[in-house]
Amino acid sequence: MVGGWWLVASGWWIVAVSGFRTRGLSIMAIAVTAILGAPALVAQTPSPASTPAGSAEKGRQTFAKVGCAQCHGLEAQGSPTTGPRLGPGALPYAAFSRLVRAPRVQMPPYTEKVLSNADLADIYAFVQSRPKPTLPPLLQP
Amino acid sequence: MTAAAAPAVAQSTTPPSAPLDSAPGGQPATSEEPLTGGRPGSDFMVDTIKALGFDYVCANPGSSFRGLHESIINYGGNEKPELITCMHEESAVAMAHGYFKIEGRPLAVVAHGTVGLQHASMALYNAWCDRVPVYLLLGNTLDASMRAPGVEWVHSVQDAAAMVRDYTKWDDTPVSLPHFGESAIRAYKIAMTPPYGPVVIVADSELQEKPIESHGTLRVPQMTLAAPPQADSAAVAELATLLVAAENPLFIADRLARTPAGLARLVELAELLQAGVISTQPNSLPPIAAGRLNFPNRHPLNQTLRSVAAIGEADVVVGLEIANFFGATNIFRDQLERSSRSATKAGAKLVTITAGDLIGKANYQDFQRYTEVHMALAGDGEATLPSLIEAVKRLITPDRRRVFDARGSKLADASRAALDRARNDAAYAWEASPISTARFAAELWQQIRREDWSLVNGNLSGWPLRLWNFEKSYQYIGVSGGSGIGYGMPASVGAALANRKYGRLSVNIQNDGDLMYAPGVLWTAAHHKIPLLTVVHNNRAYHEEMMHLQRMGNRRNRGVDRAHIGNEIDHPAIDYAKMAQSMGWYAEGPISNPNELGPSLARAIAAVKRGEPALVDVITQPR
């Protein structure tokens, strides 16, 4: 079945120009190519000036309500088979918004008709607020 | 005037001289008619079944095979085979499916030729897609003049195997006991010749119930299994040349390891070449193999956790018994306009080694999309590896050995880094409730790691293959094959039945929706004392379908608020622990506090070690 795509947590975007052949048309798209097993989004420091204000608590509820949690988990922690971890260290808001509104890969699109800008800002605030954990004893090598 | 005479009492039409037990119009019983005695044909059928070495016969009882059933339990002593009572024919076949993947030998299944086969058909399709031999006997009454009115007619059919012929390897309807003997043996041989697959033999009720004496001298023919087919030797030599000269050869293995030898051979070949291997990564993108444990997951050359990068780097990609090679080497995009692009780099050579090229049926499309390859070697992968290994050995020079060693070192570093990333990722949402699938996997691993364990079902979003240590072939036995949901629970019971004699701890990570298709198999496990730890991955929905509904809702700008309709398994929430207890299991739950999970699992494992099946219901994150 369809799974999720992953972005590399290595400090920079991995951007590939990829050709998708679809019913005789060739679409050149900027696609973010993924490496499986490295599910976090690329860490960049968001610019405060370009980030709309949002409520992390409202964002948590909206995140579940509009189905983001189905693939990314209720804590935006991601899942190996369906969707990457979304925070902490989220993308700059503009890039995050582009990925949600007009995804180039497998994620279903969320237009403003189904997700308002205000709700998207709340979701962004929620994923940015996710804590970075320490490695628990059960996961020590 | 006299009173009207009372009407005469109605008289029976039975003549006064007729015996008491004759029905009006029926043939009268006489003292000459035998009503008992004579060895029935089904005794010979059991002789044949015993000669084939079946340990068990799985069946939900049916009148169309009453003769065979009686012969199994009385004439055969209910021993080799022992009759396993199933509550659904789908469970019977799925049990046989799981059993084979542990034991390497098939189970027999018996069912009605109509309604029983209809129930069993999805499970049979799963076995076909998964290349597993299931040996299915069907009861039927072909002679219309011998059918009792009513049920025997709706349970009879002209061509019993017709409805499953598109997804079985072979079938026959014997018309005599000698015919049955030969066909039964032939069916087993065909089932067990790679590519393996299910077979059907119809055991007509007249053959079952009429005395053997009418069939003359009977003997069970000798069984000789065919040696598995190997790929052409010239092609193997050419492939060896390609692999030794390659900069970044990569193996992608799906159902390669039919036996433990397959795993050992792939390790030998990969180490010889210091080549990367991708194996048993279910539900990833690109969609890769999930068939068997072909390669240890923590081996330094295992590149499964970085499969997209590894495929993109490879200049030679060899698919080993891989059904979906197109899916492994292309990236498919499911948006309004569906599209795909190659996942390999320009000029990469693709090669397949598969017995799937030797067999094919057209109706069901499990053969997947056509893949353009540089070489196609038709032969069983496991059987071909020894000659490929020898051919590679002959070509390796000291210079190439140095190149290989450098490559292997880089692959080992990449593999280690991927495992480290997986551990770090597992730490997120560690304390969450519902419980994260990573926490679930880690807690379960903590409880089983020192046992002789066998994961008989379930992949838990890929976390076990990231966090556990898989080294032995019985530690992972793949998935359903046909993605027919309802496979998991009965296949686990069948696999656990096989593991029982080895004293292994069978572990089933059980999806909640899958369990509800035919939960009666829980009773079968308790009744036959099959020890099995089942941990329910209870996310209270058919989440795969939920995601599909979300995709549709968003694509149509209608949102996802109603995507749960038709997909959620809630309101009321099912109490799986109570359900399991009602059928004789030890059970606990639902557990939603992650700190309670470890102790609960420990108690359940103690019950399994006492010989009982045990279930823990765990409330989890969606994926």
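Pairwise over distinct Cα atoms, reciprocal of the mean inverse distance: report the Kirkwood radius of the range B:27-151 in Å, one decimal place. Taking the inverse mean of 1/r over all distinct Cα pairs, the range B:27-151 comes out at 15.6 Å. Near the amide H of residue B:58, within less than 5 Å, lie the amide hydrogens of B:84, B:108, B:109, B:110, all on another chain or at least 5 residues away, with H placed in the peptide plane.
Just so you know, the averaged projected area of the alpha carbon convex hull for the range B:349-450 sits at 12.3 nm². Spin-label pair residue B:376-residue B:397: with each label point 7 Å from Cα along the Cα-Cβ axis, the two points sit 3.4 nm from one another.
At the listed q of 0.08 Å⁻¹, the Debye profile of the range B:233-416, built from one uniform point per Cα, gives log10 I(q)/I(0) equal to -0.23.
Here the label points at residue B:502 and residue B:32, each 7 Å from Cα along the C-beta direction, are separated by 6.2 nm in the simple model.
Rounded to whole numbers, the Karplus 3J(HN,Hα) couplings from phi for the range B:269-279 are 5, 4, 5, 4, 9, 6, 9, x, 10, 10, 8 Hz, using 6.51 cos²θ - 1.76 cosθ + 1.60 with θ = phi - 60°, and x at Gly and Pro. 3J(HN,Hα) couplings calculated from phi for the range B:380-385 with the Karplus curve 6.51 cos²θ - 1.76 cosθ + 1.60 (θ = phi - 60°) are, in sequence order, 5, x, 4, 6, 7, 4 Hz; Gly and Pro show x. Spherically averaged projected area of the convex hull of Cα atoms, the protein assembly as shown: 45.2 nm². Among the GluC sites (Glu not before Pro) in the range B:312-401, those placed in a DSSP loop whose Cβ has at most 15 other Cβ atoms within 10 Å are B:337, B:372. Projecting label points 7 angstrom from Cα along Cα→Cβ for residue B:175 and residue B:405 puts them 7.1 nm apart. Summarising the amide proton neighbourhood of residue B:505: residues at separation of 5 or more, or on other chains, whose placed amide H is nearer than 5 Å comprise B:452, B:453, B:454.
Shown here for the range B:497-582: trypsin sites (Lys or Arg not before Pro) in loop regions (DSSP other than H, G, I, E, B) with at most 16 other Cβ atoms within 10 Å, namely B:501, B:529, B:556, B:558, B:562.
Compared with the direct C-alpha span, the chain from residue B:562 to residue B:261 gains 103.4 nm at full extension, assuming 0.36 nm per residue. Among the lysines, select those whose C-alpha is under 29 Å from the C-alpha of residue A:58, and discard any that sit fewer than 8 residues away in the same chain. Residue A:58 reaches A:113, A:132.
At q = 0.13, 0.18, 0.19 Å⁻¹ the log10 of I(q)/I(0) for the range B:427-619 amounts to -0.67, -1.25, -1.38, computed by Debye summation with a single uniform scatterer per C-alpha, solvent ignored. Along the axis of the charge dipole computed for the protein assembly as shown (Cβ charges of +1 for Lys and Arg, -1 for Asp and Glu, origin at the Cα centre), the listed residues B:194, A:55, B:85 are led at the positive end by A:55. Going by alpha carbons, how many degrees (0 to 90, nearest 10) lie between the helix axis of B:594-609 and the longest principal axis of chain B? Between helix and principal axis, roughly 50 degrees.
When the alpha carbon gyration tensor of the range B:122-247 is reduced to an equivalent ellipsoid, its three semi-axes come out at 40, 19, 8 angstrom, largest first. Helical runs (DSSP H, four residues minimum) scored at -39500 (n - 2.57) apiece and divided by the length of chain B put the mean residue ellipticity at 222 nm at -11000 deg cm²/dmol.
Taking every alpha-carbon pair within chain B, the share separated by more than 34 Å comes to 49 percent. For chain B, the longest principal axis of the alpha carbon atoms and the long axis of helix B:41-51 meet at an angle near 20°. Helix B:543-555 and the longest principal axis of the C-alpha atoms of chain B enclose an angle of approximately 70°.
For the range B:387-395, backbone phi angles converted through the Karplus equation (6.51, -1.76, 1.60; θ = phi - 60°) give residue-by-residue couplings of 5, 5, 4, 5, 5, 5, 4, 5, 9 Hz, Gly and Pro being listed as x. Close amide H pairs (under 5 Å, H built 1.01 Å from N) link residue A:85 with A:40, A:41, A:79, residues at least 5 positions away or on another chain.
Read the figures in this text as sums done on the coordinates, not as results from a lab. Since we're looking at a predicted model, the values are computed, not measured. Glycine also receives a Cβ, built like all others from the backbone with ideal geometry; neighbour counts cover every protein chain displayed.
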